[in-house]
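Enquirer: Have a look at this one.
Just so it is clear, none of the values below were taken in a lab; they were calculated from the coordinates. What you see is a predicted model, and the numbers here were worked out from it, not measured in a lab. Cβ coordinates were reconstructed from backbone atoms using ideal geometry, including for glycine residues, and neighbour counts include every protein chain displayed.
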Amino acid sequence: GAVVSQHPSWVICKSGTSVKIECRSLDFQATTMFWYRQFPKQSLMLMATSNEGSKATYEQGVEKDKFLINHASLTLSTLTVTSAHPEDSSFYICSALAGDGSYEQYFGPGTRLTVT
Amino acid sequence: AQSVTQLGSHVSVSEGALVLLRCNYSSSVPPYLFWYVQYPNQGLQLLLKYTSAATLVKGINGFEAEFKKSETSFHLTKPSAHMSDAAEYFCAVSAGDDKIIFGKGTRLHILP
C-alpha cells in the first residue's frame, strides 16, 4: 500500500527558533499533500493544502508567514514553523492524496513538536 | 459546505460486544465518507470509505459502515469488540474536492 513518512517523528525546539518538518510519499507521486494540526485529545484541523509547483492554499485563520509550506517535488512537502512559540506545540500530521481519482488520503505518522 | 458530527466523545463496550460508533454528516453534494482509526501518538489509518457504490461498506479489522442517505448517517459497527480495537475513531467527509473534514473523534474503550 501507499506509504507516507514524516521526519522527524518528534522535535523539541526553543522559543523563537524555526523547525522544518518533512512529509514524503515513498512509493507514489503526490501532486497534492495536506498539513493538519492536532491538539491533544482533539480532532485534526486542516492547516493548508500543498500543491506541487505552486503556492500552498491556507485555511482561514492559519498564518501563512508563520507556517511556511514548500512542495518542491512530487514526493516531498515541507512545513516550516517559523519563530516558534510554546502555543505552536502540537502534533502535526501530513497526508498525500492518491492520484488515482479515489480521493483517498494516505496519512503520515505525525510529528510531535514541543516548543520550550 | 461539509461537516461531520460524531455522537459521543467516549464509548465503552465490553470485549465481545457490539461496537457502534455514530456519525452524521452534512453535505451539499453527494459525499465521500470515511472512517479512520488513530492509535496513540500515531497517524491515521483508513478503516473504510464510501464513494457512492454499495451502501454497506466493509473495511479492515472486521469493521463495516452503512451509508443511509435518508438519515444522513454513516455509523461504524463491528459485531464483536476486541481489546486491540481500543483507539480514537474519526469519521470524515469530503465533497470530492480533495479536502477532508474530520469529526471530533470518538474514543473507544474496551472493557475486559
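Enquirer: When you have a sec, figure out the Kirkwood radius of region A:47-115 from all distinct Cα pair distances and drop it here in Å to one decimal?
Expert: 13.1
Enquirer: Taking 8 Å as the Cα distance limit and 6 or more residues as the minimum spacing, I'd like the relative contact order of chain B as a percentage.
Expert: Relative CO of chain B lands at 38 percent.
Enquirer: Less than 15 Å apart at the alpha-carbon level, and either on another chain or at least 8 residues along: which aspartates and glutamates does that give for A:K64?
Expert: Result set, ordered by chain and number: A:D88.
Enquirer: Principal axis extents for chain A, Cα atoms only, whole Å, descending order, please.
Expert: Rounded to whole Å, the extents work out to 41, 26, 22 Å.
Enquirer: Can you list the equivalent-ellipsoid semi-axes of chain B, largest first and in whole Å, using the square root of 5 times each Cα gyration tensor eigenvalue?
Expert: 23, 14, 12
Enquirer: At what distance in nm do the modelled label points of B:D98 and A:K41 sit from each other, each positioned 7 Å from its Cα along Cα→Cβ?
Expert: 3.5
Enquirer: Explain nothing, just the number: relative contact order of chain A, from Cα pairs under 8 Å at least 6 residues apart, as a whole percent.
Expert: 36
Enquirer: Using Cβ contacts closer than 10 Å as the measure, can you line up A:L26, A:L46, B:L47 from fewest to most?
Expert: A:L26, A:L46, B:L47
Enquirer: Follow-up. If neighbour count is taken as other Cβ atoms inside 10 Å, put B:K49, B:K58 in order from fewest to most.
Expert: Result, fewest neighbours first: B:K58, B:K49.
Enquirer: Moving to a separate point now. Taking only Cα atoms of the protein assembly as shown, what ratio of Rg to Rh do you get with Rh as the Kirkwood inverse-distance radius?
Expert: Computed over Cα atoms, the ratio is 0.98.
Enquirer: Looking at this model, which pairs from A:K20/B:K99; B:K49/B:K69; A:K14/A:K66 are more than 18 angstrom apart at the alpha-carbon?
Expert: A:K20/B:K99
Enquirer: With a cut-off of at most 16 other beta carbons within 10 Å, and DSSP calling the residue loop, which trypsin sites (Lys or Arg not before Pro) in region A:15-101 qualify? Please list them.
Expert: On the way: sites: A:K20, A:R24, A:R37, A:K41, A:K55, A:K64, A:K66; in loops: A:K41, A:K55, A:K64, A:K66.
Of the trypsin sites (Lys or Arg not before Pro), the ones in loops of region A:15-101 whose Cβ has at most 16 other Cβ atoms within 10 Å are A:K41, A:K55, A:K64, A:K66.
Enquirer: When the Kirkwood radius is taken over all Cα pairs of region A:4-45, what Stokes-Einstein diffusion coefficient follows at 20 °C and 1.002 mPa s, in µm²/s?
Expert: Value of D from the Cα-based Kirkwood radius: 169 µm²/s.
Enquirer: Distance in nm between label sites at A:W10 and B:S14, each 7 Å beyond Cα in the beta-carbon direction?
Expert: My value for the distance between the label points is 3.7 nm.
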